[in-house]
Amino acid sequence: QVQLVESGGGLVQAGGSLRLSCAASGRTFTFSKYAMGWFRQAPGKEREFVAVITWNGRSTNYADSVKGRFTISRDNAENTVYLQMNSLKPEDTAVYYCASDSQTFRWGTWDFDAGSWGQGTQVTVSS
């Protein structure tokens, strides 16, 4: 129903930057109606929230650990959500997943409830 494909991960030195992309498609999925989010999971840890953006791109929210360093954005014309990651730290090493919300037109950034997930892309930050 919803296909999410992440790309842009790789190996980067501490202090460097990466931009992740997530392309969405689906027979019944209208990208511009859904909030989109990024999550990550490090080895041995639970999957954690990173960032979210509302359906219209007017509001965003971030985990405290990435505020000021990461920026989430979206291009509804291209059905793509991005995560620009700057000033990367070794503790950012994880598999990064994008997700689409399960409900349309949420007004807040606090109630995201993932309906679909991508397969993930590996980000490794060396020291």
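Give me the compactness ratio for the chain, meaning the Cα radius of gyration over 2.2 N^0.38 Å. Before the final figure, lay out each step's value.
Details: Rg = 13.7 Å, N = 127, 2.2 N^0.38 = 13.9 Å.
Scaled against compact globular proteins, the figure is 0.99.
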Notebook entry, point to check: Distance in nm between label sites at N76 and T30, each 7 Å beyond Cα in the beta-carbon direction?
Noted result: 1.0
Margin query: Run the Debye formula on the Cα coordinates of segment 55-127, all scatterers equal and no solvent, and tell me log10 I(q)/I(0) at q = 0.16, 0.21, 0.25 1/Å.
Written below: -0.67, -1.13, -1.44
Notebook entry, point to check: Could you give the length gained on full extension between A42 and S126, defined as 0.36 nm per residue of separation minus the Cα-Cα distance, in nm?
Noted result: 28.8 nm
Next item on the list: Would you look at the GNM of the chain, springs on alpha carbons closer than 10 Å, and say which of W55, W107, W38 moves the most?
Entry: W107
Next item on the list: Return one whole number: the accessible area per residue of the chain in Å², for a 1.4 Å probe.
Entry: 53
Notebook entry, point to check: If you place +1 on the Cβ of every Lys and Arg and -1 on the Cβ of every Asp and Glu, how big does the dipole about the Cα centre of the chain come out, in debye to the nearest 20?
Noted result: 160
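Carbon and sulfur atoms: what percent of the 1.4 Å accessible area of the chain do they account for? Please report the intermediate quantities before stating the final value.
On the way: 2950 of 6700 Å².
Roughly 44 percent, rounded to a whole number.
Using 0.36 nm per residue, how much length does the chain from A23 to S65 gain when fully extended, once their Cα-Cα distance is taken away? Could you put the intermediate results ahead of the total?
Working: separation 42, 0.36 × 42 = 15.12 nm, distance 2.50 nm.
Extra length available between A23 and S65 comes to 12.6 nm.
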Next item on the list: Please name which of I53, T28, V66 has its Cα lying farthest along the dipole of segment 1-71 towards the positive end, using unit charges on Cβ (Lys, Arg +1; Asp, Glu -1) and the Cα centre as origin.
Entry: T28
Check: So how long is each side of segment 5-68 along the principal axes, counting just the alpha-carbon atoms, biggest first, in Å?
Finding: 38, 24, 23
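The values are calculated or read from the model by the stated rules, or taken from the named source; none is laboratory data. What you see is a predicted model, and the numbers here were worked out from it, not measured in a lab. Quick reminder, even Gly has a Cβ in these numbers, built from the backbone with ideal geometry, and neighbours come from all protein chains shown. Keep in mind that these areas ignore ligands, DNA and RNA; they rest on the heavy atoms of the full protein, side chains included. Shrake-Rupley method; radii C 1.70, N 1.55, O 1.52, S 1.80 Å.
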